[in-house]
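The values are calculated or read from the model by the stated rules, or taken from the named source; none is laboratory data. It should be emphasised that the depicted structure is a prediction, and the values quoted were computed from it without experimental measurement. Cβ atoms come from the backbone with ideal geometry, glycine included; neighbour counts cover every protein chain shown.
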Amino acid sequence: MARKEDILISSNGIVIEINHLKKYFNGLRVLEDVSLVLKKSENIVVLGKSGIGKSVLIKCIVGLIQPDSGSLKVFGKEVTEMKPKELNELRTKVGFIFQGNALYDSMTVRENLEFPLRRNKALKNSHEIEGLIVEALENVDLLDTINKMPDELSGGMKKRIGLARTLILKPEIILYDEPTTGLDPLTSKEISKLILEVQTKYKASSIIITHDLNSAKITSNRMLILNEGVIKARGTFEELKNSEDKWVQSYLKIE
Ligand SMILES: Nc1ncnc2c1ncn2[C@@H]1O[C@H](COP(=O)(O)OP(=O)(O)O)[C@@H](O)[C@H]1O
Ligand SMILES: [Mg+2]
């Protein structure tokens, strides 16, 4: 069944449109003038030094931080003008994978996955809930951990459970905040491939914040580099890698 949002999406293929976004904290410039567009089924990677405003940018998208000025539309609707009820609705469609994995340590994997369902969806019967949990765990290849506690899992497994917990609500947009930070290279690669699978399988559109150039290469359709409050460079991984611009060159080397 076509939903209102789908009709909006199909009219221009854009799911997020940000124009001239500005955010200062007590005089500290974080975002000066940021504009970007995320298209349906596209993965954008945002690179940028630590503390430059990457998390602030994606928190603005789900209304966790109110920008000072600029326009921020998700599915064609201005987020800064949304009422609490609309914001809640928005957050069921826009999954947010926070930095760190933020699983509840005192809950089993099953309970961790059940939590967003009980909070965000009209309460389903337990059979339906179990079905969704199993499906989400199968998607990240971790069904056998269903009764485990987070402490029993490796860092990479926790990240995958975190992703499963977001996927269980079948979001149309996923915002990943440093999904591979703190993982060894092999596990990072697994997570990056999983992000790519999610894009294909769910036709999800994503913004992925990362420091990990290997992950950026695997997951991105386009990349943006945020610096000094603006998007300093844009392009595909290959375009940026082959850029003549000295700053971009040095940036990609340092990263
Ligand atoms: N809620 C907040 N209140 C005040 N300052 C904040 C807040 N959130 C972030 N900042 C500041 O904004 C800057 C950018 O932070 P952040 O977006 O988290 O950086 P990063 O690019 O590493 O994700 C930092 O200087 C940080 O201290
Ligand atoms: Mg951050």
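Could you tell me how many of the residues in region 107-129 are exposed (fewer than 13 other Cβ atoms within 10 Å of the Cβ) and modelled with pLDDT of 95 or more? Full working, then the answer.
Pass one, region 107-129, residues exposed (fewer than 13 other Cβ atoms within 10 Å of the Cβ): 118-119, 122-123, 125-128.
Now restrict to residues that are modelled with pLDDT of 95 or more: none.
Summing the residues that are exposed (fewer than 13 other Cβ atoms within 10 Å of the Cβ) and modelled with pLDDT of 95 or more in region 107-129 gives 0.
Being touching a Lys or Arg at 6+ places or on another chain (Cβ under 9 Å) and over 30 Å from Val230 (Cβ atoms) holds for only one residue in Asn139, Asn88, Asn125, and it is Asn139.
Screening the candidates Glu178, Glu190 for the property of being at negative phi and of a type in the set (D, E, K, R) yields one hit, Glu190. Checking the stated criteria, Ile161 turns out to be more than 27 Å from Ile231 (Cα to Cα) and in contact (Cβ under 8 Å) with a residue 12 or more places away in the chain.
The condition of being farther than 25 Å from Asp33 by Cα, of a type in the set (D, E, K, R) and either surrounded by fewer than 15 Cβ atoms within 10 Å (Cβ to Cβ) or out of contact with any Gly (no Cβ under 8 Å at 6 or more places or on another chain) (or both) holds for only one of Lys246, Lys201, that being Lys201. Might you check whether a residue that is of a type in the set (A, V, I, L, M) and without any contact (Cβ under 8 Å) to a residue 12 or more places away in the chain occurs anywhere in region 183-204? Within region 183-204, one or more residues are of a type in the set (A, V, I, L, M) and without any contact (Cβ under 8 Å) to a residue 12 or more places away in the chain.
Of (1) in contact (Cβ under 8 Å) with a residue 40 or more places away in the chain; (2) within 16 Å of ligand 1 (Cβ to nearest atom), Phe75 satisfies all except one. Which? Result: Phe75 passes all but (2). Applying the condition of being assigned to a loop (DSSP other than H, G, I, E, B) and within 19 Å of Phe237 (Cα to Cα) to region 41-60 and asking which residue is farthest from ligand 1 (Cβ to nearest atom) yields Ser41.
Looking at this structure, is Ser10 under 21 Å from Met223 (Cβ atoms), surrounded by fewer than 15 Cβ atoms within 10 Å (Cβ to Cβ) and modelled with pLDDT under 95? Break it down stepwise before answering.
Details: under 21 Å from Met223 (Cβ atoms): no; surrounded by fewer than 15 Cβ atoms within 10 Å (Cβ to Cβ): yes; modelled with pLDDT under 95: yes.
So Ser10 fails the test.
Where in region 180-255 are there strands (runs of 3 or more DSSP E), lying fully within it, with 1 or more residues that are of a type in the set (S, T, N, Q)? Outline the logic, then answer.
Values: elements: 205-209, 222-227, 230-235.
In region 180-255, 205-209, 222-227 are the strands (runs of 3 or more DSSP E) which contain 1 or more residues that are of a type in the set (S, T, N, Q).
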